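For reference, the structure discussed in these notes is given below.
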Amino acid sequence: MHETEPVSETLQRRVKGARRLAVVGIGDELIPADRLGMAAARKIEARHLPGVKVFFAGTVPESITGPIRRYRPEHVLFLDAAEMGERPGTIAAIDPGRIQASLLSTHVLPLSVVMDYVEREIGTEVTLLGIQPESTHPEKDLSGEDREFLNHNLQVLSDILRERSLL
C-alpha cells in the first residue's frame, strides 16, 4: 500500500479539473505479464465514471489516436504493464523518459512515440501509469493477495478519476 500514496498525489495533481478524460488500456491479453493494462482499463470502464471514456489499444496504441482526437479529452491516461521492481499489483506513474527501459515492449510503435504524438498533435496532457506484473513467473497471473493489492490500487485510481472535477 505504500506505493499507492505517491501515485495518488501525482494523479490528483495531473487530472485536477479535467472534465473529459481518456483512459487507454495497452497490452497483449494473451500474455499474463502484459495484459494488466487492458484488464485495468476494463475494470475502470465497468465503474461508469462520469466524463471518463475508456479505449482499448491492445498491442497497437497508435490505433486509438483518431478516436482520442474525436473525443477531445483534457487528459489521457495510458495504462500498461511495466517492470518496475515493485510488488506485483503496484501502480506507479512513469516518466516518459524511462519508457524504453521500463515497459514490457510488445507494441508496434514505441509507446513514447504515441504519447508524444497525442500530446503534440491532439494537444492534451498525458500520463503513463505502469502496473507491476508478476516478475518471477511472467507466464502466470497475479496471485490472490497481489490481485487484491491491484484491485485496491485500482479503486484508489477510480476514486481519483471520479472526484477529479471537484479537486
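A few comments on the model shown:
- Antiparallel beta bridges, as assigned by DSSP with both residues in the chain, represent about 20 percent of the total such bridges.
- Chain lengthening between Arg69 and His48 when straightened (0.36 nm per residue, less Cα-Cα): 5.5 nm
- Packing rank of 13-24, 42-53, where each peptide gets the mean count of other beta carbons within 10 Å, highest leading: 13-24, 42-53
- Note on Lys140 and Arg19: their simple-model spin labels are 4.9 nm apart, each label 7 Å out from Cα toward Cβ.
- Tail beyond 29 Å, pair distance distribution of the chain (Cα, percent): 10 percent
- Once divided by 2.2 N^0.38 Å, the Cα radius of gyration of segment 1-82 becomes 1.10.
- Per-peptide average of other Cβ atoms within 10 Å, ordering 57-67, 27-37 highest first: 27-37, 57-67
Here, each number is a calculation from the coordinates, and none is a lab measurement. Since the structure is predicted, the reported quantities are computational estimates derived from the model, not experimental observations. As a convention, Cβ positions derive from the backbone with ideal geometry for all residues, glycine included, and neighbour counts pool all protein chains shown.
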